[in-house]
Structure formats: structure tokens, C-alpha cells
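**Q** Handing you this structure, nothing more for now.
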Amino acid sequence: MKKITYIFLSLVLSLGAVSCNWLDKESDTELTLEMVFADKTRVEGWLGNVYSGIPDPYMGHGRFIGQDILGDDMSPSERWRQWNWDVIPFILGEWTPSSSWGGNYWAYLPQRIREAYVFIENAKPLPDQNLPLEEVEYMKAECRFLAAYYWYLLTDTYGAIPYRPHYIAPSDSDLESLKVGQSPYYQIIDDLDNEFLEVSKLLPATYSDGRKYGRATSIMCLAIRARMLVFAASPLVNGNSDYANFVNRSGEHLFSTSYDPARWTKAKQACKDLIDAAEAAGHKLYEVQNSDGRIDPFASVQYAMLARADQGNKEILFARPGGCDYGDYEKHCTPVVGGGNGGWGVTQSLVDAFFMENGLPITDGASGYVESGFSTSDEQRGYDWEEEYNDDKVTAAGTYNMYCHREPRFYTTVSFNNAWFCSEKRRYEFFNGAKDNPHTHDAPQNGYLLRKKVSPESIILEGNIKYRPGIICRLAEAYLNYAEALVECGETTQEVLDYVNKIRYRAGVRQYTFGTTDENYIHVEATQDALRNIIRMERRVELCCEGLRYNDLRRWKQAETVLNGPFYGMNYNGADAASFYKRTAYQTRVYHKSYYWFPIHQSELDKNEKLVQNPYWAE
């Protein structure tokens, strides 16, 4: 029987001589690769397994992989750590090279990469089974994309990694020959850049066959390429002197400590290439029209995350083809009395990040923000969303002023006390001992629950949970990536404002101008610092709770500051308004310099002496 061996990282010690006996068996006979790739059903099954490594943007980003929790947007109940929420201890400083991590990329993704390469080497046309050469070539290109994508995820997590692309070790490889050390970070990034670009030329931009939804496209290649190159141009890796002494066993520097502006130039072009290709393929920001012909910003931003592509959501550039755990995600954002677990909230810093109705941040003296006291009348803005999903109003009389007259994205992201609970047709009650706060681990720990990506049409108690796509990349991020790259290249032009304003226009808030502030526009200075600031503020609110914020804080080298210290919310223990509505520190987070990269697990270092631990973890 033909055997498969594959070399990667220190995992090769366990994966270096992997035979086919893990495959299905038939008539007590082990399937060989020849048998698998001679059967169309098994070929498609193998390809499906390669796709299975795409992270779940719901519970994957939360409980298992943890990007949402590691950032400063979302806040799960700290006591959920007893149910294997592995990253909760990490945010509290309880993180070592021996810590368990549910994402387990170091072990898991190499398996999917190996399967991709085996597919590329062995797949062949089966014309008698309706698997023509053209389809096989597409499948191989899909595997090239997936392998490159998984390599990218590994570099995004660990930085410099052992890297041998397109390699399947011969079956007679000895274990010593399979041990490999890390390659320099930019060497890997530049190779992946070329691979994504080349594969994008082999794949279609869209598929006419709905059954292929989620299959790799040229747009997906360009989307991940642009995201990767923006990260690779950012301060964490582009001229970071902190890594001056970080070398592999051969003495090669694994990160460049000299700033290279060409990295931003390349990222800028990659972002523009993506936008041009995506728009040419029909992608656009998702919008819902109000009954009077206006854009309904509330429904637009809400359903940009919920509507399927076949429902007209052309904003999606890359979606996980299936298997997303949005059911558990929704339950964790729903109070116990509503059939959920009710402990997944948002941070006070995210609440504070949303703009006011007039588009100004709450820190601007002209924003009209009032924190104390309560509203005396219902707030209505005349959009259909209010009638359909929010009890005919944006906020009801008696709502804490902190939550009144905020921009639409706030109301589709945050469930606060006295906000409308759509599926139960009532208002949330978060005071201690009230309906939605049983004062256990399954309760809003800081006075908020998460609303973004939660369907208002789901009824958890009835087991009616509406399907929604698992979005990995969308056009709004592409616009903001491009605007940022323009600014970092020194271009303080109208084009920067144009792309930020596309996002704000859809969100129903005033746009920016280099001219005079008026009822439609807000003045901003044409300086790099001013434009960088508005882009970062916009990313925080537009892309919140999508698994991107943590990487933003990392690449900007802000994580050490932002993710250290007390985190605030309302007072979970408060049984009345006077005691509940107080900014209260519910958690103290810790972020060491080492945390910018995940550690290589100690067991892997023990197996492969050619590896070096990631920066500052050995101290």
C-alpha cells in the first residue's frame, strides 16, 4: 500500500510516516490512494476534508481559536473557563508554553496542508464518473489556495515557522531528516504573496452553480493576500527593534528590524487589486432600502452579517462553506430565561467606541453625549428596522442616556439594559435578580450582551435558529484596509476619505470632508495622524466582533497598552438603577510582550531541537 509522509514543523515526528489506514475501509480492505482517487465520491470527500480547516467565525473565533476574546471587543463569562474556553485564562495572564489551546493550529493545520498536497499530486480526471479534467484542475487550484491560506494562518499565529511548501516527504524518510527549523517571516510572506496571486489567475471570481457556494475563488485569494500584506507592512513586523536578537538555529534573523516603506506600497496595491476585482465581479456593500427609498442603515449593517449571498448579500468575499456553529454563538448571547447561556457580552470600551447619531465620537464636546440620567421620551428615526425589529423605536423612554442618540451600528451590536429583546418582544432586564440576570456564570457579567451576528428572527426556546453565513472576509474590510494603506504610504488625499465614507454612508452617519463641518460632513485635517485616527476608529466599530480587532491591536503594537489593566462595564451586582449604572471594573487583564505571538508548545520544542521559542516566552 502506498504510504503518505509529510514534513512540517516539529509535527513531522508524529506525521512523518502517516499511512492511509485512517481512511474509510471497505470489505475489510484498506483503501489505498489509488483507490481513493479512482472514485469521484471519495475525491470530493477528500477535498471537503481539506476545506474543513477553515476557521469557524462564530464559536471558532470565540471559544476555540479565541481572536474575539483575546481582543477588547467581546467579554465572555470568566467562569466559562471550566468548559474548555481555553483562551479565558490567557487574557488573565495565565499563559505559558505548556498551556492547552483549542485552536491547536500547530498540529491541526499541517494535516489539512498535507491533504491538500496529496490531492494535488494524486487527483486525476474520471470522465466515466463525470469528473472532467477542467474540474480536476479547479480542484487542484482550490487546494493550492487552501494550503496557502493555512500557511498564512500559521504565520499569523506563530510568526516565523518551519516552511516547506508543496512538499510531501518520501515514505522512507527518517525522523531526523524531517526536523526543520523556522524560516524568516518575510521569506514566507513573500512566497505566499506570489502563491495567492498565481492561484487567483486559475480560479473563477464567482460560480454560477449555487452548490459551489463557499468554494475557493480568485476573490478569496486576493482578499487573504491583501489582509496578509497589510499585517506584514505594520509596525509589529515591519521594523520592530524588539526582535533584533531573535534568530533561528542557523543564526538567521527571523524578523526584519529595519522599516521598509515598500511593504506598505505592496499592501496598497494588493488592496486595490482586490477592490477592483471584487467590484468587477459584482461585489458591493450590502444595503437595505427603507420604504421611503432611503437606505435603512440599521437593517443594512445588521443584515450585512446575516443575509446569504443568494439573498443579495454581495458584500461577502469569503465565507466558510458550512459547519458554522452559529447556534451555540446565539445561545451564548441569549439570556437563560430565553433558552440561552446569557454570558457573552461586549466591553465598555466597545460601547464607548461607537459614534453618536451625528457621527462624532463621544469624546468630542460637540457630540451631544450625555452619560448620566435617563431619557424622557421614545427616540424614533423613521426607519423600517425600528418597526420590524425594535418595538417601533430606537430607544424607549427611561433608557440610560449613555445609550441614547448613538449611531445605528451601536444598536445592532450591543444589547443593553432596556434594549429591545426582539425574539421575546420585550425589553432586557439586566439588574441583579431581574429576569435576564440570575447572577450566575450564565448572566451578563458586565451589564451587556452581544447582539452582532445574532438573528432577530431566531427563537432559541423553540429551537428555531436562523441560518446565516460564516463570513471570513467582506468588502467593508477591504475598503478600510485600502484607506489605511494609502495613509501609511503618505497619501493624505480625498481617495482616503472616499473609502471611509462608503462605510459611514451605509452606516447612516455623517461623512468626512477636508472642507467645513456642516449637517452632512465632519471636517478632518489632511494629515497622516488625523486620517490614521479616523480609520482606526472606523475599523473598531465597523469590524468589531469579527475576529479582526485582536490582530489590529497586535500589528499596531498597541496590545501591550490596550489589553493590560482593568476592563469595565456596568455593575453586574447592582439591583437597581442607582447601583447598576456605574462604570465598574469587572476584570483585570494582563498582556505580556511575549503574547504578540502564540508560543510554540513545550512538547514540540522537546521533540525538535531545531526550533527556537517565540520572542520573550523563554524569559
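The values are calculated or read from the model by the stated rules, or taken from the named source; none is laboratory data. Quantities reported herein were computed from a predicted structural model and do not represent experimental measurements. Neighbour counts are summed over all protein chains in view; Cβ atoms, including those assigned to glycine, are modelled from backbone coordinates with ideal geometry. Calculation scope for accessible area: heavy atoms of the full protein, side chains included, ligands and nucleic acids excluded. Shrake-Rupley method; radii C 1.70, N 1.55, O 1.52, S 1.80 Å.
**Q** Quick test of your reading of the structure: Ile188 fulfils all but one of (1) in a helix (DSSP H, G or I); (2) open to solvent by less than 10 Å² (accessible area, probe 1.4 Å); (3) within 26 Å of Ala244 (Cβ to Cβ); (4) touching a Gly at 6+ places or on another chain (Cβ under 9 Å). Name the failing condition by number.
**A** (4)
**Q** What's the total number of residues in the range 380-401 that are of a type in the set (S, T, N, Q) and closer than 13 Å to Arg427 by Cα?
**A** Residues flagged as of a type in the set (S, T, N, Q) and closer than 13 Å to Arg427 by Cα within the range 380-401 amount to 3.
**Q** Further question: Just to be sure I understand, how many residues within the range 559-598 are part of a loop (DSSP other than H, G, I, E, B) and open to solvent by 60 Å² or more (accessible area, probe 1.4 Å)?
**A** Total meeting the criteria: 7.
**Q** If you don't mind, another one. What are the residues in the range 68-107 that are within 23 Å of Pro566 (Cβ to Cβ) and among the aromatic types (Phe, Trp, Tyr), if any?
**A** Trp80, Trp85, Phe90, Trp95
**Q** In the range 424-462, how many are touching an Asp or Glu at 6+ places or on another chain (Cβ under 9 Å), surrounded by 18 or more Cβ atoms within 10 Å (Cβ to Cβ) and assigned to a helix (DSSP H, G or I)?
**A** Final tally of qualifying residues: 1.
**Q** Next up: Between Glu604, Glu609, Glu546, Glu542, which is surrounded by 15 or more Cβ atoms within 10 Å (Cβ to Cβ), touching a residue at least 60 places away in the same chain (Cβ under 8 Å) and more than 19 Å from the chain's Cα centre (by Cα)?
**A** Glu604
Residue by residue, here is whether (1) surrounded by fewer than 20 Cβ atoms within 10 Å (Cβ to Cβ); (2) modelled with pLDDT of 95 or more holds:
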{"site": "Asp242", "(1), (2)": "yes, yes"}
{"site": "Leu254", "(1), (2)": "no, yes"}
{"site": "Ala262", "(1), (2)": "yes, yes"}
{"site": "Ala281", "(1), (2)": "yes, yes"}
{"site": "Ala307", "(1), (2)": "no, yes"}
{"site": "Gly322", "(1), (2)": "yes, no"}
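**Q** Of the residues Val118, Val136, only one is surrounded by fewer than 20 Cβ atoms within 10 Å (Cβ to Cβ), of a type in the set (A, V, I, L, M) and not in a loop (DSSP other than H, G, I, E, B); which?
**A** Val136
**Q** Next question. Would you check if there is a residue in the range 568-576 being among the hydrophobic types (A, V, I, L, M, F, W, C), under 16 Å from the mean Cα position of the chain (by Cα) and under 19 Å from Val351 (Cβ atoms)?
**A** no
**Q** Okay, next question. Hey, can you tell me all the residues within the range 31-74 that are open to solvent by less than 10 Å² (accessible area, probe 1.4 Å), touching a strand residue (DSSP E or B) at 6+ places or on another chain (Cβ under 8 Å), farther than 18 Å from Gly323 by Cβ and part of a loop (DSSP other than H, G, I, E, B)?
**A** Leu31, Asp72, Asp73
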